[in-house]
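Visitor: Starting off with a structure, shown below.
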Ligand SMILES: [Ca+2]
């Protein structure tokens, strides 16, 4: 007999094939149809998006760092897909998070780091999910313009944002782990859903800020809601100032933590942020013992963060929602921590533009590693494709579902990154980068200087080949690519245009 056999369901579209079946195969076909029908009845997947803060990509044990313990992130790695070459567009908190929320570059969404608001016409990720029938919930650090509730989220728990301490200079833990002043998050407080500060949870970062954030998110998961949820959780670890969580002070012995292979006492030239806040975390020249201690402290915070991730995963399991939830773990960008003589973010090296990226859940293959280059702004369109939600026109990122399903090996032959001075008049990014499968070119506009790295043979970016005559061909090719990509994007920053976008 001839039958039309349903062989796939993707984004609400069915795929059919005409075939001739024998009676046993007919029975089998009906059994398959019945199971697919059940799958069709199943509601769309929940989405749990977990974003850490300033976490370098090489800080997960299951991905190769044997000096750190991350048992819950390791579980995610084994249960899902890990991307080794995921990057942020801009390694700075606000613009990177704006790219996640809009699925667009800062040139499109209008949020480079000078306090510019996200353009109102952008279709925000949470809003898109809400309009598609999702609960949209938010826990943790908020640093972009507006509030979560003006950015598509219906409700917050453990919202952590600036202000609310009742006056300047108030901070519960004025010293970091090493006795140096706590230089970040002064005056930040937790807020209730209706915006009231919860001073009793501390002012500024405390040793248990992330525990509070996980508790807030935990409450959302435990609701077992009537419709699917999109829960966005922004943790603060391992962003400075570093405070040891209870029980984690002796977790790592600095003497056993190796220095990064590209450790330098000082960066060889002014990369554009030499006097920026992050670079003041430790004095120059960097002392190896202080760098080791800083890395050990950041590992302790990451292990504590891992414990909080474990609480959320356990809540999903205990409420029977584990199988129908897409879990995404990533960070807004990485951190130098002594590599290249730098301490902070705000640079184009792998340790800082790179982010950990793991996905698990429906539609995600188990225990796979992918080397495809992807951006954080691709998460929004990727999740929309997995959940069968139409993509708004303002999204520039691309879904990497074709990589997850092995239809494509890569979606970008090259990726780009950028960093602006955070203060002063708006101007084009002073650091610009292009990276292909093998090569990376960085341009420093304030010095009119290039760096060229052969990542295949120099993964830690220790040999600048830009002045080497043997590499004039890749240099010229990458310069062309860099210019072609950036020229139209930085045009609006030209003198006289006071509202670049
Ligand atoms: Ca950050």
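The values are calculated or read from the model by the stated rules, or taken from the named source; none is laboratory data. Computed from a prediction, not measured in an experiment: that's the story for all the values here. For neighbour counting, all protein chains shown are included, and Cβ atoms are generated from backbone atoms with ideal geometry for every residue, glycine included.
Visitor: Answer yes or no as to whether residue 311 is assigned to a loop (DSSP other than H, G, I, E, B) and either surrounded by fewer than 24 Cβ atoms within 10 Å (Cβ to Cβ) or within 15 Å of the ligand (Cβ to nearest atom) (or both). Before the answer, list the steps.
Guide: Details: assigned to a loop (DSSP other than H, G, I, E, B): no; either surrounded by fewer than 24 Cβ atoms within 10 Å (Cβ to Cβ) or within 15 Å of the ligand (Cβ to nearest atom) (or both): yes.
For residue 311, the condition - assigned to a loop (DSSP other than H, G, I, E, B) and either surrounded by fewer than 24 Cβ atoms within 10 Å (Cβ to Cβ) or within 15 Å of the ligand (Cβ to nearest atom) (or both) - is not met.
Yes/no matrix, rows are residues, columns are (1) assigned to a helix (DSSP H, G or I); (2) at pLDDT 95 or above:
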{"residue": "122", "(1), (2)": "no, yes"}
{"residue": "127", "(1), (2)": "yes, yes"}
{"residue": "136", "(1), (2)": "no, yes"}
{"residue": "139", "(1), (2)": "no, yes"}
{"residue": "145", "(1), (2)": "no, no"}
{"residue": "149", "(1), (2)": "yes, yes"}
{"residue": "157", "(1), (2)": "no, yes"}
{"residue": "160", "(1), (2)": "no, yes"}
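Visitor: Can you name every one of the helices (runs of 4 or more DSSP H) wholly within segment 314-426 that holds 2 or more residues which are under 30 Å from residue 450 (Cα atoms) and assigned by TED's automatic domain parsing to the domain that holds residue 286? Working first, answer last.
Guide: Details: elements: 350-353, 379-387, 401-404.
So the answer is 350-353.
Visitor: Could you tell me whether segment 33-52 includes any residue that is within 16 Å of the ligand (Cβ to nearest atom), modelled with pLDDT under 95 and not in a helix (DSSP H, G or I)?
Guide: So in segment 33-52, the residues within 16 Å of the ligand (Cβ to nearest atom) come out as 49-52.
Filter once more, so that each one left must be modelled with pLDDT under 95: none.
The answer is no; no qualifying residue exists.
Quick grid of which residues meet (1) in contact with a strand residue (DSSP E or B) (Cβ under 7 Å, 6 or more places away or on another chain); (2) at pLDDT below 95; (3) on the phi > 0 side of the Ramachandran plot:
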| site | (1), (2), (3) |
| --- | --- |
| 262 | yes, no, no |
| 278 | no, yes, no |
| 286 | no, no, no |
| 296 | no, no, no |
| 304 | no, no, no |
| 315 | no, no, no |
| 322 | no, no, no |
| 342 | no, no, no |
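Visitor: Separate question: Quick one: is residue 398 surrounded by 16 or more Cβ atoms within 10 Å (Cβ to Cβ) and within 25 Å of the chain's Cα centre (by Cα)? Reasoning before the result, please.
Guide: Values: surrounded by 16 or more Cβ atoms within 10 Å (Cβ to Cβ): yes; within 25 Å of the chain's Cα centre (by Cα): yes.
Taking the combined requirement at face value, the residue satisfies it.
Visitor: Further, regarding this structure: Cβ contacts < 6 Å: first residue assigned by TED's automatic domain parsing to the domain that holds residue 457, restricted to segment 471-495; second residue part of a helix (DSSP H, G or I) and surrounded by 17 or more Cβ atoms within 10 Å (Cβ to Cβ), any location; separation 6+ or different chain. Result?
Guide: Partner pairs satisfying both residue conditions: 489/107.
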